[in-house]
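Report on the following structure.
No lab work stands behind these numbers, since they all come straight from the coordinates. Since we're looking at a predicted model, the values are computed, not measured. Glycine gets a Cβ as well: all are built from the backbone with ideal geometry, and neighbour counts include every protein chain shown.
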Amino acid sequence: ARQNVPDFVFFKYHKRILFCPTCKRFYWPGTHRQRMLERLKDWGF
């Protein structure tokens, strides 16, 4: 994952970076995830 994500992401989330073998992309818990969790909570999920 080191060469596939921005440096700041690797250093902040290196233990939490996940790879999707289907779409071949890397994912990490960033601000988008937090905003979506807040939105789901607002909607009652």
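Pop the C-beta distance of residue 35 and residue 7 into the FRET formula with R0 = 25 Å and round what comes out to the nearest 0.05.
Values: r = 23 Å, r/R0 = 0.92.
So the FRET efficiency works out to roughly 0.65.
Using only the alpha-carbon atoms, how far is helix 31-42 inclined from the longest principal axis of the chain? Give it as 0 to 90 degrees, nearest 10.
Once rounded, the angle reads 20 degrees.
With r defined as the distance between the Cβ atoms of residue 23 and residue 45 and R0 fixed at 30 Å, what FRET efficiency is calculated, to the nearest 0.05? It would help to have the intermediate numbers written out before the result.
Values: r = 24 Å, r/R0 = 0.80.
Once rounded, the FRET efficiency stands at 0.80.
Report the charge-dipole magnitude of region 2-42 in Debye, nearest 20, computed about the Cα centre from +1 at each Lys and Arg Cβ and -1 at each Asp and Glu Cβ.
Values: 10 positive and 3 negative charges, 19 e Å.
In total the dipole reaches around 100 debye.
Just flag the trypsin sites (Lys or Arg not before Pro) in the chain sitting in loop per DSSP whose Cβ has no more than 11 other Cβ atoms within 10 Å.
Values: sites: 2, 12, 15, 16, 24, 25, 33, 35, 39, 41; in loops: 15, 16, 24.
Passing sites in the chain are 15, 16, 24.
Net charge around residue 31, counting only other residues with Cβ within less than 12 Å of its Cβ (Lys, Arg = +1; Asp, Glu = -1)? Walk me through the numbers before you get to the answer.
On the way: positive: 12, 33, 35; negative: 38.
Net charge around residue 31: +2.
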